[in-house]
Amino acid sequence: MAAGLFDHSGEIRVTSTITMVEDVLVTLGHFLNDCRDDAADAMAGWRVKHGSATVEIQLLPRGADTHLRVASGVVHAGDGTDRAALWQELLSRNADLCGVAFAIRGDQVLLVAERSTLDLDRTEVHDMIQRTAALADDVDDDLATRYHAHLGVR
């Protein structure tokens, strides 16, 4: 039996998303050979710097679907960090954010944007990367100073 036109739609969507991400990264001034990243659990990955923030972009399998995840490790809590006050501020900030949210993993504060690749377009890819990178760079120094936390990824 011959393969149908849409039998490989998932593979086509992955390839299309990789192309869009790399096109956006070039548009933002990044060199692809410098930012491609081989993350163990990702189908494809990239890592870029934006000011003091490092942003990871990954294409991830999520059940029967594929997601584009853009994340930046903003700060991590140290011994002198008032975790309760920091966590409360992050939750309060989330109420005013659009398309991105603060999260914690252990002592690490992350800024995360994630969505399915279904019907994803280049404008959305650009927005996810730019919004996450700019906000992470805008808040990391302030959060580190005010809460006695450490910049970036531990």
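Brief remarks follow.
- The residues of the chain expose, per residue, 55 Å² of accessible area to a 1.4 Å probe.
- According to the Cα-based calculation, Rg over Rh for the chain is 1.03, with Rh computed by the Kirkwood formula.
- Among residues other than Ala133 with Cβ under 13 Å from its Cβ, the summed charge is -2 (Lys and Arg +1, Asp and Glu -1).
- Neighbour net charge for Ala103 - beta-carbon separation under 12 angstrom, K R +1, D E -1: +2
- For the pair Asp141 and Asp82, label points projected 7 Å from Cα toward Cβ lie 2.2 nm apart.
- Asp38 contributes an accessible area of around 150 Å² to the protein surface, as traced by a 1.4 Å probe with all chains present.
- Helix 122-147 axis, angle to the chain major axis (alpha carbon atoms, nearest 10°): 20 degrees
- Estimated at the nearest 10 Å², the accessible area of Ser16 is 50 Å² with a 1.4 Å probe.
- In the chain, the sites counted are chymotrypsin sites (Phe, Trp or Tyr not before Pro) in DSSP loop states with at most 13 other Cβ atoms within 10 Å, and the longest stretch holding none of them, exclusive of the sites, is 32-154.
- Förster radius 22 Å - calculated FRET efficiency between Asp96 and Thr123 (Cβ-Cβ, nearest 0.05): 0.50
- Once the convex hull of all Cα atoms in region 52-107 is built, its volume per residue stands at 116 Å³.
- If the segment from Ala39 to Asp107 were pulled out straight at 0.36 nm per residue, it would be longer than the present Cα-Cα gap by 22.4 nm.
- With all protein chains modelled, accessible area of Val48 [1.4 Å, Å²]: 10 Å²
- Rounded percent of accessible protein surface that carbon and sulfur make up, the chain, 1.4 Å probe: 53 percent
- Neighbourhood net charge (14 Å Cβ-Cβ; Lys/Arg +1, Asp/Glu -1) for Asp82: -1
The values are calculated or read from the model by the stated rules, or taken from the named source; none is laboratory data. Nothing here was measured: the structure is a model prediction, and the numbers come from that model. Glycine gets a Cβ as well: all are built from the backbone with ideal geometry, and neighbour counts include every protein chain shown. For the accessible areas, the whole protein counts, side chains as well, though only heavy atoms, and no ligand, DNA or RNA atoms are used. Shrake-Rupley method; radii C 1.70, N 1.55, O 1.52, S 1.80 Å.
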